[in-house]
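Q: To start, I am sharing the structure in question, which I have written as structure tokens.
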2 protein chains.
Amino acid sequence: MHSGHDMPTDHTRAAILSAAERLYADRGFADVTLRDIVAAADVNLAAVNYHFGSKDELIAELFVTRSLATNRQRLNELKAAEAAGGGRAAIDAIFRALVGPTLRGCLGPDNERSTAARFMIRASIESVPPIRRIKNREIDHLRKFAAAMRRSLPGRDEVELYWALHFALAMAHQTIRDSERLIKLSEGSCDLNDVAGILDRIVAVSVMALTAREADKKAPARLVARDAR
Amino acid sequence: MHSGHDMPTDHTRAAILSAAERLYADRGFADVTLRDIVAAADVNLAAVNYHFGSKDELIAELFVTRSLATNRQRLNELKAAEAAGGGRAAIDAIFRALVGPTLRGCLGPDNERSTAARFMIRASIESVPPIRRIKNREIDHLRKFAAAMRRSLPGRDEVELYWALHFALAMAHQTIRDSERLIKLSEGSCDLNDVAGILDRIVAVSVMALTAREADKKAPARLVARDAR
DNA sequence: TATAGTTTCATACAACTGTTTGAATTGCAA
DNA sequence: TTGCAATTCAAACAGTTGTATGAAACTATA
């Protein structure tokens, strides 16, 4: 047992956390072993189990730490937007607070990308058991954004809000995850370094998504190709 | 070696393919072992290496088969839409052809979901090496849809087309992948069984996404919370 | 310095992975 | 039937994984 504080120079613990986060962010959970981590951290293999108990607990600690930080950042932006609007944030500001932090952390010039954000994307892609168990809390976090949307657009059908929220996350997430494909497809004409532009784009589409149903109903006889035979 | 045809009753091969596809679709590539597969298929462990050479080649065969089938299905719908429009498909019909087949295969009532479509979603999520190597061809396939969009909307900025294509796939993909979260978040008010409705929704938003930039530019001083104060 | 507690270390362990082997079994042609 | 190739099978292989162990090395208090 420790006797009081152990923060001073808990070098090993920090080195493991740092190395693990970087490796997981770069190569995913699937093919990063404890031996890879301790090699990168330059510590002994047994140190992981000594300091964290198990590999899963290491991953869980990494995830909860980053998860709390990301959520805090998003909520800060939301709070600011609501404060600026006297309790009701503009709908686009809400979307911006929702997807902005992660987008900024993951895209843009190399030197600005954060390992933390890339780690979180990995966590949301490869659903490894220790993370899956924790992830349910995210629903509560998203509910706060749904509530802010309700305040922003009272009277709007709730289902529309949920879909727009869902689509906003989908676009941001996929843009991060599959930026390579978009670059290849567009042969470089889509500028993935213009994070502000991408954010504007996603927010604009998300706002429009709120009216998808109405637009759809107004033109029910769509140009759908009559598949016929 | 075989002498001529071997299709008649190549029971073992088919059983392995079927069991593997189902297990991978249900539980992902990460935690399905060859022993799981051969147990489900009720064949001997060595049969996989005998018939396919290796685990990776089994996965690859599974993927190329399904990939070709999906692409064929999408292109059929696209062709039909272009034929109906005299060479130019309506833009929403193009999106419909792009995301419709997968959406229909993955969502909807349990008994209508196809293992094949769910397998393909897994493949697009967990990027396992044997699949990643093949996946580059998908770009060429998407290019055909980009070309169809160009024909449908000549003069439109290409970058807009790529982003809309990207967003359409993002929304469809994420809806399939994370339908559970959307259900929980909306407490069931989002009906994930209404595949046609979801498809309409995604197509409508995708079409609107084509005008995201214009809308953004026309109203640059949007409701953005003037943070100010 | 002596001593107790904490941390590191090399090493071993047990479980599991994909793959290989060589003998049994099967199916079919002569 | 006999003969032969294709297939199945049980068993073992070599490699990797996360984890456990017990001794050594520290650290700081008395």
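Q: So B:GLY100 passes all but one of these: (1) modelled with pLDDT of 95 or more; (2) surrounded by fewer than 19 Cβ atoms within 10 Å (Cβ to Cβ); (3) away from DNA strand D (no atom under 14 Å from the Cβ); (4) closer than 22 Å to B:ALA123 by Cβ. Which condition number does it fail?
A: (2)
Q: While we're looking at this one, here's another question. Does B:ALA147 meet the test of being at pLDDT 95 or above, out of contact with any Phe, Trp or Tyr (no Cβ under 9 Å at 6 or more places or on another chain) and either within 18 Å of B:VAL99 (Cβ to Cβ) or of a type in the set (Gly, Ala, Ser) (or both)?
A: Yes; evaluated as a whole, the condition is true for this residue.
Q: Could I ask something else about it? Scan A:ARG13, A:ARG22, A:ARG74, A:ARG27 and give me the residue that is touching a helix residue (DSSP H, G or I) at 6+ places or on another chain (Cβ under 9 Å), under 30 Å from A:MET208 (Cα atoms) and either within 12 Å of DNA strand D (Cβ to nearest atom) or of a type outside the set (A, V, I, L, M, F, W, C) (or both).
A: Selected residue: A:ARG74, the only one of A:ARG13, A:ARG22, A:ARG74, A:ARG27 that is touching a helix residue (DSSP H, G or I) at 6+ places or on another chain (Cβ under 9 Å), under 30 Å from A:MET208 (Cα atoms) and either within 12 Å of DNA strand D (Cβ to nearest atom) or of a type outside the set (A, V, I, L, M, F, W, C) (or both).
Q: Please note which helices (runs of 4 or more DSSP H) are completely contained in segment B:71-148 and include at least 3 residues that are under 24 Å from B:GLU180 (Cα atoms) and either in contact (Cβ under 8 Å) with a residue 60 or more places away in the chain or at the interface with chain A (Cβ under 8 Å from one of its Cβ atoms) (or both).
A: B:91-106, B:115-125
Q: Separate question: Among the residues in segment A:200-213, are any facing chain B (nearest Cβ under 7 Å), β-branched (Val, Ile, Thr) and surrounded by fewer than 19 Cβ atoms within 10 Å (Cβ to Cβ)?
A: No, that holds for no residue.
Q: With the structure loaded, tell me whether A:ASP31 is closer than 30 Å to B:THR175 by Cβ, within 15 Å of DNA strand C (Cβ to nearest atom), surrounded by fewer than 18 Cβ atoms within 10 Å (Cβ to Cβ) and not hydrophobic (A, V, I, L, M, F, W, C) or whether it fails that test.
A: Yes, satisfied.
Q: Considering only residues that are within 14 Å of A:VAL205 (Cβ to Cβ) and surrounded by fewer than 21 Cβ atoms within 10 Å (Cβ to Cβ), look in segment B:160-183 and name the one that is farthest from the other protein chains (Cβ to nearest Cβ).
A: Across segment B:160-183, the extreme among qualifying residues is B:GLU160.
Q: Being within 9 Å of DNA strand C (Cβ to nearest atom) and part of a loop (DSSP other than H, G, I, E, B) is the filter here; which residues of segment A:37-53 pass it?
A: A:ASP42, A:VAL43, A:ASN44, A:LEU45
Q: Right, something else. Please work out which residue is farthest from the other protein chains (Cβ to nearest Cβ), limiting yourself to segment A:43-66 and to residues that are more than 12 Å from DNA strand D (Cβ to nearest atom) and not β-branched (Val, Ile, Thr).
A: A:GLU61
Q: Since B:GLU57 meets every condition but one in (1) surrounded by 17 or more Cβ atoms within 10 Å (Cβ to Cβ); (2) within 16 Å of DNA strand C (Cβ to nearest atom); (3) over 19 Å from B:THR115 (Cα atoms), which condition does it not meet?
A: Evaluating B:GLU57 over (1) surrounded by 17 or more Cβ atoms within 10 Å (Cβ to Cβ); (2) within 16 Å of DNA strand C (Cβ to nearest atom); (3) over 19 Å from B:THR115 (Cα atoms) leaves (1) as the failure.
Q: Then there's this: Within segment A:149-159, work out how many residues are surrounded by fewer than 16 Cβ atoms within 10 Å (Cβ to Cβ) and either among the small types (Gly, Ala, Ser) or at the interface with another protein chain (Cβ under 8 Å from one of its Cβ atoms) (or both).
A: 3
The values are calculated or read from the model by the stated rules, or taken from the named source; none is laboratory data. Note that the coordinates shown come from a computational prediction; the quantities given were computed from them, not determined experimentally. Reconstructed Cβ throughout: ideal geometry from the backbone, glycine too, with neighbour counts over all protein chains shown.
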